[in-house]
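Here's the structure, in structure tokens; my notes come after.
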């Protein structure tokens, strides 16, 4: 049988939502998580230019994320 690899559905859904997650646009200093990679832990946004967001995750380090392809969840600030 031929190779029928396609883009995973999660990527297609993320691309449809483009740059603005439900919590609003991603900005430096915000805390985020990649729901597709929970083992990365929480990360702090270092920079955000267009769809390119650099995030420093607690368990994997600094990663450049294309938010047109990867949906990041904004983590609520629980400080009171």
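The values are calculated or read from the model by the stated rules, or taken from the named source; none is laboratory data. Values in this document were obtained by computation on a predicted structure and should not be read as measured data. Cβ atoms come from the backbone with ideal geometry, glycine included; neighbour counts cover every protein chain shown.
Is it the case that the range 3-25 has a residue that's modelled with pLDDT of 55 or more, surrounded by 15 or more Cβ atoms within 10 Å (Cβ to Cβ), in a strand (DSSP E or B) and touching a strand residue (DSSP E or B) at 6+ places or on another chain (Cβ under 8 Å)?
No, the range 3-25 has no match at all.
Considering only residues that are under 14 Å from residue 25 (Cα atoms), assigned to a loop (DSSP other than H, G, I, E, B) and touching a strand residue (DSSP E or B) at 6+ places or on another chain (Cβ under 6 Å), which ones fall in the range 41-80?
Result: 51, 67, 72, 75.
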